[in-house]
Amino acid sequence: MLIAVLLGMQAAAGPAAACSVPGDPQSRTWTLARQDGAWEIVFRSRALDRPQVILRLPNASPSVSASGIHLSYKSANGGRTIEWRVAGGAGTLDLYVNHGLEVNVDADLDPAVDQMNTEGPIAVTCRGGSTEVRQELERGSTGVPRGFETRSEWIVAAGVAKSVNLFESTSGRAYAVQTIGWGRELTQPWGPGFLQGRFAWAIEAMPLFAQFEPSAIYGVGFAPVVWRWNFAPQPRWSAFAELAMGGLWTTEPVPDDSGTVNFTAHWGGGVRLRPRGPHAWLVGYRFQHFSNGNQIGSNDGVNSHVVLIGWSYRKWSPPSGG
């Protein structure tokens, strides 16, 4: 049963045991796995905004025998302490990790490792290695997907704007916008320190542009080029910066001595707050520019500060093959 398939697991690669708490609303799972000759714990939870968090255990030596698995581990500075026992499908897990302490030793440690903590010993139910866990690994439910994972994102937001007299633009205009965008990350994490992140290409539709000051004007917009930099996510928030280009079509000229077709561009960013799995609230800011691109002999435009509030849904696509 559970233990029979575990003999010899220390020499093999892959998951040794996957444990969870019955009825846990966060669906937390801790998987003990051996990858590239070293042991690690892979944590999954609905509260995460990424597929999993990996905690590597340098020089760990779990005890695997006919009676079960026992892992006792403690780092030199006490920032990683684990007591894990598995026997016959049941077990106990006491895991403590402190990112603030351990990041001094492992600069690449994910800040979300703090969410792995059990806050003392907890009772868990476990599944052993070989067929069952490997099948779940392929489905992405408990395992350790390797390689290049990509993430797509839907953003739905609404906001208000006020134009400013800046760079020869027209002030005194106020309007509201509603946006729907979709994008996909195209790169692996890259960059130094706090600038590290992933590059994403997105498109954005503006199904509603509604000017209400100084007159009522309506329109729609579309931006086929949205370049977004997703900074490395933190446990409770994540940030992004972006640059976009597109077009705007309106019922009346914007500004008055321009035309009904304008080019658009914006730069800005935002923060995703209180992630719950793939879902998060979003607060954003952008500096928005409209102008006709000298289509009528002049290039009058509107520059505005825009504040947006919305919702983000991000979905991971694990690499094929696991």
Review point. What are the ³J(HN,Hα) values, in whole Hz, obtained from phi via the Karplus relation 6.51 cos²θ - 1.76 cosθ + 1.60 with θ = phi - 60°, for each residue of the stretch 29-41 in sequence order, with x given for Gly and Pro?
Key: 9, 10, 10, 8, 9, 10, 9, 6, x, 10, 8, 7, 10
Check your understanding: Amide H of Asn117: which non-local residues (sequence gap of 5 or more, or other chain) have their own amide H closer than 5 Å, using H built in the peptide plane?
Key -> Val97
Exercise for review: With a 10 Å radius around each residue's Cβ, average the other Cβ atoms per peptide and rank 71-83, 98-110, highest first.
Suggested key: 71-83, 98-110
Review point. Which residue, chosen from Phe240, Tyr218, Ala265, occupies the Cα position most advanced towards the positive end of the dipole of the stretch 150-317, where the dipole is computed from +1 (Lys, Arg) and -1 (Asp, Glu) charges on Cβ about the Cα centre?
Key: Phe240
Review point. Taking a ≥ b ≥ c as the square roots of the eigenvalues of the Cα gyration tensor of the stretch 150-317, is the shape rounded (a/c under 1.5), prolate (a/b larger than b/c) or oblate?
Key: prolate
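Each value in this text was obtained by applying a stated rule to the coordinates, not by laboratory testing. Bear in mind that the values here come from a model prediction, so they are computed numbers and not experimental data. Cβ: placed from backbone, ideal geometry, glycine included. Neighbour counts: every protein chain shown.
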